[in-house]
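Remarks on the structure that follows.
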Amino acid sequence: MDQLHGAASYSQYTIIQQGIIMSSLTERFPDVVFGYNVQLIGLKHIHIGQGSGIGDDTWLNVAERDGSSTLRIGRNVLIGRHSMISTASNLEIGDFCLFAPRVYVSNADHGFADITRPYMMQAVTGGGSIIVEENCWLCINAVVTGSVVVGRGSVVAANAVVKSDVPPFCVVAGIPAR
């Protein structure tokens, strides 16, 4: 937490889009605290609510920038360092969520159907929407993937892999999470 709220001026970090310096992160998101080496890819499709904090070395990605895909992070959300949040459709994180370090949340994947082409040359695939409702806690190394809803007030235990919906106010653990 101290690294998120350190004395360094975060206005020195700039958003570079197509080789042009667009603005600083603090100008784009004035009420959000960013750690070091945070990457925002698909910037105009990313919305972050006031009072939120994004930890060091975190990657926020909107893989399909077709105008219909969005990444929405609510108010007062803390995303722990080394986390990765990626969408090829829509991904929403509700207010007051807490993500520990190294959390992975994604509904984006690489195509691999054509064995004659490199995976990186195949289309990105979307797995539907992910919604993490308000006041959820995703513990260290938690994974949420596919098209799922994590119900409000739920806890996803350390190292759990969520591949199906989690009802509100539940604690889930394991691979797959139950």
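Taking a ≥ b ≥ c as the square roots of the eigenvalues of the alpha-carbon gyration tensor, the stretch 120-178 is classed prolate because a/c is 1.5 or more and a/b outweighs b/c. For residue 39 and residue 125, the FRET efficiency from 1/(1 + (r/R0)^6), where r spans their Cβ atoms and R0 equals 25 Å, is about 0.70. With all protein chains kept in place, the per residue accessible area of the chain amounts to 53 square angstrom at a probe of 1.4 angstrom. When you work out D = kT/(6 pi eta Rh) for the stretch 22-178 at 25 °C and 0.890 mPa s, using the Kirkwood radius from C-alpha pairs as Rh and the Stokes-Einstein form, the result is 157 µm²/s. Magnitude of the charge dipole for the chain, about its Cα centre and with charges confined to Cβ atoms of Lys, Arg (+1) and Asp, Glu (-1), is about 160 debye.
In the stretch 92-178, taking the dipole from charged Cβ atoms about the Cα centre, the farthest positive-side position among 157, 137, 167 is held by 157.
Here the chain exposes an accessible surface that is 55 percent carbon and sulfur, computed with a 1.4 Å probe and the other protein chains kept in place.
For the stretch 90-146, rounded, prolate or oblate, judged on the Cα gyration tensor with a ≥ b ≥ c (square roots of eigenvalues), a/c < 1.5 rounded, else prolate if a/b > b/c? It comes out prolate by the Cα gyration axes. Considering only 118, 48, 69, the residue lying farthest towards the positive end of the dipole of the chain is 118, judged by Cα position with unit charges set on Cβ. Per-residue Karplus couplings for the stretch 134-151, computed as 6.51 cos²θ - 1.76 cosθ + 1.60 with θ equal to phi - 60°, are listed in order as 4, 6, 9, 10, 9, 6, 3, 6, 5, 10, 10, 9, x, 10, 9, 10, 9, x Hz, Gly and Pro entered as x. Each residue of the stretch 166-178 is assigned a 3J(HN,Hα), and the resulting list reads 10, x, x, 6, 10, 10, 10, 8, x, 10, x, 5, 9 Hz, derived from the Karplus form 6.51 cos²θ - 1.76 cosθ + 1.60 (θ = phi - 60°), x at Gly and Pro.
The values are calculated or read from the model by the stated rules, or taken from the named source; none is laboratory data. Just so it is clear, the structure is predicted and the values come from calculations on it, not from any experiment. Note that each Cβ is placed from the backbone with ideal geometry, even for glycine, and that neighbours are counted across all protein chains shown. Side chains included, ligands, DNA and RNA excluded: accessible areas come from the protein's heavy atoms. Shrake-Rupley method; radii C 1.70, N 1.55, O 1.52, S 1.80 Å.
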